[in-house]
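Below is one structure, written out as structure tokens; the observations come after it.
The values are calculated or read from the model by the stated rules, or taken from the named source; none is laboratory data. Because the structure is a prediction, the values reported are computed rather than measured. We place every Cβ from the backbone using ideal geometry, glycine too, and count neighbours over all the protein chains shown. These area figures cover heavy atoms from the full protein model, side chains too; ligands, DNA and RNA do not enter into them. Shrake-Rupley method; radii C 1.70, N 1.55, O 1.52, S 1.80 Å.
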Amino acid sequence: MSETFERKRLKFLDDHIYLGRNMVLDQHPSEIYDNFLKTISVDGLSQYPDLWKTYDKLSKFLNVKHENLLITRGVEGAIKQVFDNLEFSRNAIGLISPTYAMYEVYAMSKKIEVKKISGVQPDYDIDIERVKELASEVDILFLDNPKSHIPFYFEKEEIDEILAHCQNSGTILFLDEVYAGWEADSYLNKSNIQDNLIVASGFSKIGFPSFKAGWLISSEKMKKSLEANRSSYELNYFGCKGVEFIIENIGYVENLKKSLI
């Protein structure tokens, strides 16, 4: 049974900038807005969304099979699928602080212990041996790599080492890559999706948080467990059209990222 505790919804105030939400603040040009509206149809508004089409486009874009891909409501949706569907024999998760608040919120709701370690300021560098030690004590190690505003991140070889240690320890590595593609590339090795690895990402941090569109990639066996209680429609019509639109206009997105950097 889930734990009951107080949640608060913060109200957006006019003329305020909420830097804590890490959103791209520049407006998209009017032609992007107009072109997206052209993808919306009258028939579409009166029908449930066709997820098959969205899955086809996204799986080709990510170069992964349908069997390894689960669309979620942002990376947060991927995190929730983990807490709702996987077993926690050690009743503990591991985090590297500072990090995304919802990891801890979902853990609290399930009465799961949260074990945290922190890097050394100002770059928050962290010894990989400390990460491996933490991984040995938990069911799932949640690793957001790279982080949003911290210079330090783990290189591919270091993730290899952490993942191998997790496998030996019976620990799942949840790799949150929502900020990949800016200064650090995605770790995902598309030809070798290991059983204890979940890679999650989305389109929120490239200027489209309103679609609330994300995904997770895992082994076929893991995906079947993670989608056991998914919604009948992972995204609404506008979210699906948003995913398809971003993929079709990925050149614009890449140019936007370059200009922001």
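Number of residues in region 25-49 that are open to solvent by less than 90 Å² (accessible area, probe 1.4 Å), in contact (Cβ under 8 Å) with a residue 40 or more places away in the chain and part of a loop (DSSP other than H, G, I, E, B): the value is 4.
If the condition is being at pLDDT 95 or above, among the hydroxyl-bearing types (S, T, Y) and part of a loop (DSSP other than H, G, I, E, B), then region 62-104 contributes only S89.
Figure legend. Inter-residue proximity from region 183-200: first residues within 21 Å of S169 (Cβ to Cβ), second residues modelled with pLDDT under 85, beta-carbon distance below 6 Å, spacing 6+ or different chains. Indicated pairs: V199/L188. Before we move on, is S204 buried (at least 18 other Cβ atoms within 10 Å of the Cβ), at pLDDT below 90, of a type in the set (S, T, Y) and out of contact with any His (no Cβ under 9 Å at 6 or more places or on another chain)? The answer is yes for S204. Can you pull out the residues in region 207-221 that are free of Cβ contacts under 8 Å to residues at least 60 places away in the same chain and open to solvent by less than 20 Å² (accessible area, probe 1.4 Å)? Within region 207-221, F208 is the sole residue that qualifies. Residues that are part of a helix (DSSP H, G or I), hydrophobic (A, V, I, L, M, F, W, C) and open to solvent by 60 Å² or more (accessible area, probe 1.4 Å) within region 105-142 comprise just one, M108.
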